[in-house]
Amino acid sequence: MTTLEQMYSALGVSQQVCDLGQSVLDGLETRFREIDRRAEINQGKVLYAMQKNKVSAACFAATTGYGYDDEGRDRLEKVYADVFHTQAALVRPQITCGTHALTVALSANLLPGDELLSVSGLPYDTLQEVIGLRPSPCSLAEYGVSYRQVDLLEDGSFDYEGIRKAITDKTKLVAVQRSKGYATRPSLSVEQIGEMIAFVKSIRPDIICMVDNCYGEFVQTIEPSDLGADMVVGSLIKNPGGGLAPIGGYICGTKQCVDRCAYRLSAPGLGQEVGANLGILPSFYQGLFLAPTVVAGALKGAIFAANLYERLGFRVVPNGQEPRYDIIQAVELGSESAMRAFCKGIQSAAPVDSYVDPIPGDMPGYDAQVIMAAGAFVQGSSIELSADGPIRPPYAVYFQGGLTWCHAKLGILLSVQKLADAGLLPK
Ligand SMILES: *Cc1c(COP(=O)(O)O)cnc(C)c1O
């Protein structure tokens, strides 16, 4: 018979690291129970939406060409709208990634002369070129959309006074990023975001409030659209794709906003009517069905990593006790070599490409070199076990995902193992 210890030893985890992991896990039972409870609620939410919209085998059929009358595509969008409690949704393989979904949402709803206001500080790296903060052809700036930013306060909360002052007649859209992205600020709760939206609407009810929802889906039992967001936007190769969607993004929101997004994505006049599904829909449906439990596994991994690395003396964001508002765990490792060792551990735990040695490289959309560990079934998927981070102080790796909790656990143990092997653990 094979014991757990023998199995871990075969996978490269020493008895010492195993024992450390177990002692950390012993203190996490209550938190894991709460995660399972939320997963159960979110699973129900997804099932209810699928049943209400009478999802059937016919929805999985491939369409080609223009994709007129694509029943499966249209019904999937209704399912998403019901999960997020919005009037409408745009969910398609023609949206290539999260950045693309956000670009569509912004450029569809901002016209020349309008101003975009970010109220959660500097947006995610790839959006900086979209906005034109780093000059790029076809940026919003090039089209005459101006930009203003209000940073979060020292404690990570919204700067309400700053927001009030920043809102002008030109302000058309307020953007907020739920997840910290590549920053070491705290992520925002849906409740915090809802309060901010109510504040903005109390000043000017016509301002569109858009939430970059990447990495946040199904972490709580409500979404920002439950608390007034006009658009929530995200990537299907993160949480809502459940690890199965091989491409795609979504925009859920008011009919008015989503219609414009559809016109921007395809063409004015065509909107949601075109866009063949090319046979991809089974993965979209089944991925959404699995997403609540996949997110739960990823959350357990994040909490385990936080507590383990905290025990080892590293600064982690969020810390071991804090509530979770996304699936990202930042660990500040303090050096490039420690980042490499950590990523090597995550990589060596992977089902795919486990023998590969991750090294830093240039990435489109990022201004520093980035190191990435991902042995994923879907290339670049970050709902699968992965770690990445820009090579710049404080040399933080952003760890996320794990399609199963058991895999996430192995990856984290191996990351500690690689740091120990390289002599990089604090004494
Ligand atoms: C990942 C991410 C994006 C961009 O999504 P991609 O699919 O990588 O293009 C945008 N915002 C946040 C907060 C993200 O985490």
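The values are calculated or read from the model by the stated rules, or taken from the named source; none is laboratory data. In this text the structure is predicted, and so the values were computed from the model without any measurement. As a convention, Cβ positions derive from the backbone with ideal geometry for all residues, glycine included, and neighbour counts pool all protein chains shown. Note: accessible area is taken over every heavy atom of the protein model, side chains too, but ligands, DNA and RNA are not part of it. Shrake-Rupley method; radii C 1.70, N 1.55, O 1.52, S 1.80 Å.
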**OP:** Filter the trypsin sites (Lys or Arg not before Pro) in segment 44-105 to those in DSSP coil with at most 12 other Cβ atoms within 10 Å of their Cβ, and list the result.
**Re:** LYS54
**OP:** Calculate for the chain the 222 nm mean residue ellipticity that helices alone would give, adding -39,500 (n - 2.57) per DSSP H run of length 4 or more and normalising by residue count, nearest 500 deg cm²/dmol.
**Re:** -12500 deg cm²/dmol
Subject >> Set of aspartates and glutamates with alpha-carbon distance to LYS409 below 14 Å, sequence-local pairs under 8 removed >> reply: GLU5, ASP19, ASP26, GLU384
**OP:** Provide the FRET efficiency to the nearest 0.05 for the GLN16-PHE377 pair, computing r from the beta carbons and using R0 = 35 Å.
**Re:** 0.65
Original post:
For segment 38-109, what is the convex hull (Cα atoms) projected area averaged across all directions, in square nanometres?
Top reply: 6.2 nm²
Subject >> In Hz, Karplus ³J(HN,Hα) per residue of segment 9-16 (6.51, -1.76, 1.60; θ = phi - 60°; x = Gly, Pro) >> reply: 4, 5, 8, x, 9, 6, 4, 4
Original post:
Using the Cα gyration tensor of segment 1-62, with a ≥ b ≥ c the square roots of its eigenvalues, what is the shape: rounded (a/c below 1.5), prolate (a/b larger than b/c) or oblate (neither)?
Top reply: oblate
**OP:** Write down, largest first, the equivalent ellipsoid semi-axes of segment 52-205 in whole Å, where each equals the square root of 5 times an eigenvalue of the alpha-carbon gyration tensor.
**Re:** 32, 20, 15
Original post:
For the chain, modelled as a Gaussian network with Cα springs under 10 Å, which listed residue fluctuates most, THR103, THR293, THR126?
Top reply: THR126
**OP:** Would you kindly state how much longer the chain becomes between THR96 and SER337 on full extension, computed as 0.36 nm times their sequence separation minus their alpha carbon distance, in nm to one decimal?
**Re:** 83.5 nm
Subject >> Projected label distance in nm at GLU154 and PHE199, using a 7 Å step from Cα toward the beta-carbon >> reply: 1.7 nm
Original post:
Taking the Cα centre of each part, how many Å lie between segment 263-329 and segment 43-63?
Top reply: 20 Å
Original post:
Rounded, prolate or oblate: which fits segment 209-256, taking a ≥ b ≥ c as square roots of the Cα gyration tensor eigenvalues, rounded meaning a/c under 1.5, else prolate when a/b beats b/c?
Top reply: oblate
Subject >> 23 Å tail of the calculated P(r), segment 214-339, as % of Cα pairs >> reply: 47 percent
Original post:
Which percentage, to the nearest 5, of the DSSP beta bridges contained in the chain is antiparallel?
Top reply: 60 percent
**OP:** Specify the residue with the greatest mean-square fluctuation among GLY287, GLY156, GLY21, computed from a Gaussian network of the chain linking alpha-carbon atoms under 10 Å apart.
**Re:** GLY156
**OP:** Would you mind classifying segment 131-248 by shape? Square roots of the alpha carbon gyration tensor eigenvalues, ordered a ≥ b ≥ c; an a/c under 1.5 is rounded, otherwise it is prolate if a/b is larger than b/c and oblate if not.
**Re:** oblate
Original post:
Sorted from largest down, what three extents in whole angstroms do the Cα atoms of the chain have along their principal axes?
Top reply: 62, 52, 39
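Pull out the extension gain between TYR66 and ILE391, defined as 0.36 nm times the separation in residues minus the alpha carbon to alpha carbon distance; nm, one decimal. Numbers along the way, then the final one.
Values: separation 325, 0.36 × 325 = 117.00 nm, distance 4.37 nm.
Stretched fully, the TYR66-ILE391 segment lengthens by 112.6 nm.
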**OP:** Please go through segment 70-176 and write out the GluC sites (Glu not before Pro) that DSSP classes as loop and that have at most 15 other C-beta atoms within 10 Å.
**Re:** GLU154
Subject >> Net length gained if the chain between LEU4 and TYR355 were fully extended (0.36 nm per residue, minus Cα distance) >> reply: 124.1 nm
**OP:** Return, for the Cα atoms of segment 313-377, the radius of gyration and Dmax in Å, separated by a comma.
**Re:** 13.4, 35
Original post:
Per residue, how many Å² of accessible area does segment 1-74 show with a 1.4 Å probe?
Top reply: 65 Å²
**OP:** Could you do me a favour and compute the accessible area per residue for segment 146-185, 1.4 Å probe, result in Å²?
**Re:** 47 Å²
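Suppose R0 equals 30 Å. What FRET efficiency, 1/(1 + (r/R0)^6) with r the Cβ-Cβ distance, do GLU142 and ASP206 give to the nearest 0.05?
Efficiency for this residue pair is about 0.75.
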**OP:** Take the cross-link list LYS172/LYS201; LYS45/LYS300; LYS78/LYS180; LYS300/LYS344 and give me the ones stretching past 23 Å between alpha-carbons.
**Re:** LYS78/LYS180
Subject >> Segments 406-412, 162-168, 376-382, 207-213 sorted - mean Cβ within 10 Å per residue, highest first >> reply: 207-213, 406-412, 376-382, 162-168
Original post:
Round to a whole number: what % of the accessible area of the chain belongs to carbon and sulfur, probe 1.4 Å?
Top reply: 55 percent
